[in-house]
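For reference, the structure is listed below as structure tokens.
The values are calculated or read from the model by the stated rules, or taken from the named source; none is laboratory data. Fair warning: this is a prediction, and the values are worked out from it, not measured in the lab. Counting neighbours? That spans all protein chains shown, and the Cβs are built from the backbone with ideal geometry, glycine included.
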Amino acid sequence: MINVSKLKKGIIIDHIEAGHGFEIYKELHLNDIDDVVVLLKNIPSKKMKQKDLIKIETDMQIDMTVLGLIDPNVTINFVKNGELYKKISLTLPKVVNGIMTCKNPRCITQYEDVKEIKFFLVNEDKKQYRCEYCDAYTTFIDEE
Amino acid sequence: MLKGRHLIEPGDFQLNEIESIMQLADNIIADPEGYSLVCKGKLLASLFYEPSTRTRFSFEAAMLRLGGEIIGFDDPNNSSVSKGESLGDTIRTIECYSDIAVIRHPREGTARLVSKFANEMPIINAGDGGHEHPTQTLTDLLTIRKFKGSCDNHVVGVCGDLLFGRTIHSLVKTLSRYQGIRFVFISPTELKMPAHILNQLDPKSYQETTSLDEVINSLDILYMSRVQRERFVSEEEYLRLKNYYILDKKKMKGAKPDMIVMHPLPRVNEIATEVDADPRAVYFAQAKYGMYVRMALIAKLLGVEDRK
Ligand SMILES: [Zn+2]
């Protein structure tokens, strides 16, 4: 396995389903930060066969909501002074505010400039959310 | 308290709140004169972003019969809407002049969106695309109450386009909150009740069938609906499904003597005109109750019913 320098501080997003790493990279806007970011893809994994992994050497806060939507199975490790000090797993958020957009072509939010649309989790398995305005079901990423 | 609240979908109100609207509607029906000035000095904004003469007349007649006044439009091309003004700006402006607003719009979710811009002015959803039309549901409930005594303990047959019918979805969701309601869903397989509605019901509370003849004798209420042409890509398919159920005298023979036939109107051909004379056909009375229930709703949201 490639050895990327050991992280002194920051966040390691582990157990990302292979292929979702870049999606997370984009959604967290990691391109816009000046800190060191490493995206590893297709790492051999016992549990998952292959996984992606992201290391961010930063003090910034991560918006967990978006991670839960893209890949609720990831683990997030927080590192300080070279030591792991917190490890969390994610679940799908019950309510999502301002991250998703409604895919119903008849929904008013497609025509008016609506900020911060609220979505309510309706089906955990299908990752379906209900739009607060039109009640249509939407998923955050398109099912392939 | 309903004063100052919005009605975007029937679920916005508790059953006891709906009940209080029904009771006020009863009082208004018993003494329309007594309520003819309760909205004096109040202004209703009637915002119809798509034409719907029936619904608009019902609301405007309701407000006028309460002694209130109306401003508004029924053709957005003649209003500032066509100049690209946002809904938020329109509502904020309207609120400067009006006490209550009724909105009809072709896009789903519009009424909910608009209600976020109104500070104190109650918003009533008069239909937002295929989404909700709560005053139709209130109309249906008042009709059931008037003819059957209450909304509890009925076998309710719902027949026609159960897939796209928003009126039906709202009614079924709302009636399921009452006691002892059993549904019989009657539709061609292509137009069955969608899963997202069935999932909200107790599986023991409904049955599905394609045959109206087989079940009509078990019903206390038969709610008919039309099949809408615009839902179909092929004209052939539309014509076939449109003629699937036609309620006529012969079918009515198999029904209970006190069953009522309801329909949100306008009908196409799903109820033969020969049924109109049958005392069990209550769909024209339904339209009248629609106005009374809107009177009660407006008076409640404005908090003026005690001005009587
Ligand atoms: Zn929507």
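When we screen B:GLY130, B:GLY160 for residues that are at pLDDT below 95 and within 28 Å of B:LYS300 (Cα to Cα), the only hit is B:GLY130. The residues listed here are B:GLY157, B:GLY130; of these, the one that is closer than 20 Å to B:ARG280 by Cβ and out of contact with any His (no Cβ under 7 Å at 6 or more places or on another chain) is B:GLY157.
Just one residue in the set B:VAL114, B:VAL172 is within 16 Å of the ligand (Cβ to nearest atom) and aliphatic (A, V, I, L, M); that residue is B:VAL114. Taking segment B:10-49 as the range and being under 19 Å from the mean Cα position of the chain (by Cα) and under 24 Å from B:PHE73 (Cβ atoms) as the test, the residues that pass are B:SER46, B:LEU47, B:PHE48, B:TYR49. For segment B:232-255, the set of residues classified as surrounded by 14 or more Cβ atoms within 10 Å (Cβ to Cβ), in a helix (DSSP H, G or I) and free of Cβ contacts under 8 Å to residues at least 60 places away in the same chain consists of B:TYR238, B:ARG240, B:LYS242, B:LYS251, B:MET252, listed by residue number. Taking B:GLU9 as the residue in question, decide whether it is of a type in the set (Asp, Glu), within 14 Å of chain A (Cβ to nearest Cβ) and under 24 Å from A:TYR111 (Cβ atoms). The answer is yes for B:GLU9.
Screening segment A:102-125 for residues that are in contact with a helix residue (DSSP H, G or I) (Cβ under 7 Å, 6 or more places away or on another chain) and touching a residue at least 24 places away in the same chain (Cβ under 8 Å) and picking the one that is farthest from the other protein chains (Cβ to nearest Cβ) gives A:CYS102. Out of B:VAL268, B:VAL275, one residue alone is at pLDDT below 95 and not assigned by TED's automatic domain parsing to the domain that holds B:ASP26. It is B:VAL268.
Looking at B:ARG177, is it over 16 Å from the mean Cα position of the chain (by Cα) and either free of Cβ contacts under 8 Å to residues at least 60 places away in the same chain or within 24 Å of B:LEU15 (Cβ to Cβ) (or both)? Considered against the rule, which asks whether it is over 16 Å from the mean Cα position of the chain (by Cα) and either free of Cβ contacts under 8 Å to residues at least 60 places away in the same chain or within 24 Å of B:LEU15 (Cβ to Cβ) (or both), B:ARG177 comes out as yes.
Residue under question is A:GLY68, and the condition is that it be within 30 Å of A:VAL114 (Cβ to Cβ) and not assigned by TED's automatic domain parsing to the domain that holds A:LYS126; does it hold? It is true that A:GLY68 is within 30 Å of A:VAL114 (Cβ to Cβ) and not assigned by TED's automatic domain parsing to the domain that holds A:LYS126. The single condition among (1) within 16 Å of the ligand (Cβ to nearest atom); (2) within 21 Å of the chain's Cα centre (by Cα) that B:ILE103 does not meet is (1). Pairs are defined by a Cβ separation below 6 Å, a sequence spacing of at least 6 or placement on different chains, a first member in segment B:110-123 that is away from chain A (no Cβ under 14 Å) and closer than 19 Å to A:GLU116 by Cβ, and a second member that is charged (D, E, K, R) and outside any loop (DSSP other than H, G, I, E, B); the pairs so defined are B:ALA118/B:GLU95. If you check B:LEU191 against the conditions, is it free of Cβ contacts under 8 Å to residues at least 60 places away in the same chain and crowded, with 16+ Cβ neighbours inside 10 Å? Yes: the conditions hold for B:LEU191. Taking the conditions exactly as written (touching a His at 6+ places or on another chain (Cβ under 7 Å) and in the same structural domain as B:GLY180 (by TED's automatic domain parsing)), does B:ASP258 satisfy them or not? So B:ASP258 does not fit the description; no.
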